Amino acid sequence: MKKAVKFFCLIAAPLFAAAFFPHENVNAAFLTYELKREYLYDEIGNVTWEEYSDLTGKIDATVAKFERLISPEQEGSDVYRINRAQAGQAVKVDDMTMDLLLKAEEMYEFTGGAFNPAVYNLVKLWGFSPDNEGKYSVSRKEPEQKDIDECKKYLNFASVTLDSENMTVTKPDSQMQIDLRSEERFS
């Protein structure tokens, strides 16, 4: 049981971190390293070096796959395709993406909409998207209220249809964009 809990922590924690923290703020590789150190180095007597290397390699590959699935900027990722889909167009997604979206939906409902993945338009408007990577501390002009209000029209994550049977995601409006990685998803 103890090994199962450690394995879950090694797999789930980096996935959660990669999904819910932007790479600009929390480097997934560093976090993965810290989790490996925390959970494996303390028990290294129970794990061979080959087992350790194999497991950490699998973790790194899983984190990389997850980033490829949920990146709003990486062409071809599930989130990239969702964000560019037309209203009513069903977008087929990987089971990992669907699982994360279903958890995000639960959190959206649990927090009364305070946790909101449908905030990518605002993230970009305020300049917290990767377009400004390395320039986040540079002063920039505050967006105009009319632009903020326009982006707020597309914040209703509850209106997104998540069809877990067919593994599809459908937006009600072409302008809605989601971001599953950013801390800025709180509206």
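Quick rundown of the values:
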read-out: Residue pairs, from the table Lys65/Lys141; Lys65/Lys146; Lys103/Lys141; Lys92/Lys146; Lys92/Lys124, whose Cα atoms sit over 32 Å apart; value: Lys65/Lys141; Lys65/Lys146; Lys103/Lys141; Lys92/Lys146
read-out: Chain lengthening between Lys153 and Ala90 when straightened (0.36 nm per residue, less Cα-Cα); value: 20.6 nm
read-out: HN-Hα J in Hz across region 117-122 - Karplus 6.51, -1.76, 1.60, θ = phi - 60°, x for Gly and Pro; value: x, 8, 10, 4, 4, 5
read-out: Rounded to the nearest 10 Å², the accessible area of Tyr136 at probe 1.4 Å; value: 60 Å²
read-out: Solvent exposure, largest accessible area first (probe 1.4 Å, DNA, RNA and ligands not counted), of Met176, Met96; value: Met96, Met176
read-out: Which of Lys171, Lys92 is most accessible, then next, and so on - probe 1.4 Å; value: Lys92, Lys171
read-out: Ranking by accessible area, most exposed first, for Glu109, Glu75 with a 1.4 Å probe; value: Glu75, Glu109
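The values are calculated or read from the model by the stated rules, or taken from the named source; none is laboratory data. Model, not experiment: these values are computed from the prediction. The accessibility values were calculated without ligands, DNA or RNA, using every heavy atom of the protein model including side chains. Shrake-Rupley method; radii C 1.70, N 1.55, O 1.52, S 1.80 Å.
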